[in-house]
């Protein structure tokens with residue numbers, strides 16, 4: 001009888017141990033699969049979580065893009081790590097084979113990847129808003145609405161026409177979930193940082209505001225194919241302004257027509273009635289014809305001191321210019337260039 005009881009006890013103990021082993025194994029496998037087994041595919045390099053998204057929105061995006069190998073284990077780990085209550089917007093790097101624990105720590109902690117926002121050589125506000133919207137969360141409409149907000153421009157010391165000079169072309173680091181308002185605030189700070197006391201002093205010596213310097217710099221950039229020639233071109237236009245001579249800059253005429261396919265400015269182009277046509281209007285146009293570069297702004301502030309009043313593109317199409325102090329000399333230069341255009345059959 002005692003021996004029988006011992007056997008029964010042993011069997012019961014073994015059964016309990018087996019059940020515990022099975023339960024423990026199940027729990028261990030569940031924890032391993034939920035937290036430590038690789039669960040991210042190689043389909044995408046980044047996950048974008050938009051401002052205002054809920055956990056369900058995140059799950060929909062993960063499912064739609066097939067980012068997870070096993071959605072069930074991710075949901076289990078997310079619940080255990082309280083991720084549904086701490087969803088944060090941003091751009092997050094994905095690594096193939098990343099486990100749920102690492103991914104949720106990254107998403108829940110807001111450890112997003114910064115983006116490098118670069119812009120230059122922009123002519124139009126619409127072009128600019130589209131370019132920025134392609135790099136941050138803010139959409140192009142929210143950006144263009146700010147650019148076209150006359151009262152906002154006035155608050156910052158600009159006009160509707162010259163507001164574009166606020167944006168200094170460069171490469172800036174942002175977080176992807178940047179709104180249009182946040183983008184503008186950052187650009188205001190960068191603008192003030194760019195306009196150092198030295199630059200401000202040089203602008204005042206020219207009798208120009210910051211905005212006027214940038215408007216002229218935009219024309220210089222439109223004319224110059226080579227950065228090395230910018231200070232000389234800037235000096236020429238400053239001479240014209242000081243002598244009350246219209247700038248007669250071809251890039252302003254092209255901008256006035258909004259036809260950037262024009263390669264040869266003809267007499268009929270000069271007849272357009274526009275404040276941006278510097279053949280018909282003396283002084284600077286009301287705003288920039290393009291976003292001036294840092295090099296062109298500094299070229300105006302550090303312009304070359306000379307007596308040139310005229311310039312014409314060289315007939316060798318090198319991108320450089322022939323400069324002149326007299327109209328007769330300029331006309332000779334212009335005839336050579338026009339002949340070269342005719343020989344290449346460039347009629348418009």
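Values quoted throughout were computed directly from the atomic coordinates according to the rules given, and no laboratory measurement underlies them. Bear in mind that the values here come from a model prediction, so they are computed numbers and not experimental data. Virtual Cβ from ideal backbone geometry, glycine too; neighbours counted across all protein chains shown.
Key figures for this structure:
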{"read-out": "Model label zone, residue 225; criterion: amide N under 11 Å from point 7 Å along Cα-to-beta-carbon; scope the stretch 311-341", "value": "313-321"}
{"read-out": "Between 0 and 90°, nearest 10: helix 55-64 axis offset from the chain longest Cα axis", "value": "80 degrees"}
{"read-out": "Ascending count of other beta-carbon atoms within 10 Å, so fewest first, for 291, 81", "value": "81, 291"}
{"read-out": "Normalised contact order of the chain, rounded percent, pairs of Cα under 8 Å and 6 or more residues apart", "value": "14 percent"}
{"read-out": "For 58, 300, order by how many other beta-carbon atoms lie within 10 Å, fewest first", "value": "58, 300"}
{"read-out": "Among (i) 57, 46, 42; (ii) 64, 44, 36; (iii) 131, 47, 32, the entry derived from the coordinates for Cα extents along the principal axes in Å", "value": "(iii)"}
{"read-out": "Burial ranking of peptide ranges 245-253, 190-198, 98-106 (average Cβ count within 10 Å, highest at the top)", "value": "245-253, 98-106, 190-198"}
{"read-out": "Rounded, prolate or oblate (a/c below 1.5 giving rounded, otherwise prolate when a/b exceeds b/c) for the stretch 124-194 by Cα gyration tensor", "value": "oblate"}
{"read-out": "Ellipticity estimate at 222 nm from DSSP helix runs (n ≥ 4, -39,500 (n - 2.57)) divided over the chain, nearest 500", "value": "-15000 deg cm²/dmol"}
{"read-out": "Stretchable slack from residue 105 to residue 63, in nm (0.36 nm times residue separation minus alpha-carbon distance)", "value": "13.2 nm"}
{"read-out": "Ordering of 84-97, 212-225, 332-345 by packing [mean C-beta count within 10 Å, highest first]", "value": "212-225, 84-97, 332-345"}
{"read-out": "Spatial separation of Cα centroids for the stretch 108-140 and the stretch 228-261, in angstrom", "value": "30 Å"}
{"read-out": "FRET efficiency estimate (nearest 0.05) - Cβ-Cβ, residue 305 to residue 264, R0 35 angstrom", "value": "0.65"}
{"read-out": "Pairwise centroid distance, computed over Cα atoms, of the stretch 55-80 with the stretch 274-320, Å", "value": "56 Å"}
{"read-out": "Over the stretch 150-189, equivalent-ellipsoid semi-axes from the Cα gyration tensor in Å", "value": "20, 12, 7"}
{"read-out": "Within a Gaussian network of the chain (alpha carbon springs, distance under 10 Å), most fluctuating of 179, 228, 140", "value": "228"}
{"read-out": "Choice from 268, 37, 186 showing the highest fluctuation, given a GNM over the chain with Cα pairs closer than 10 Å", "value": "268"}
{"read-out": "Cβ-Cβ FRET estimate between residue 155 and residue 204, R0 fixed at 22 Å, reported to 0.05", "value": "0.45"}
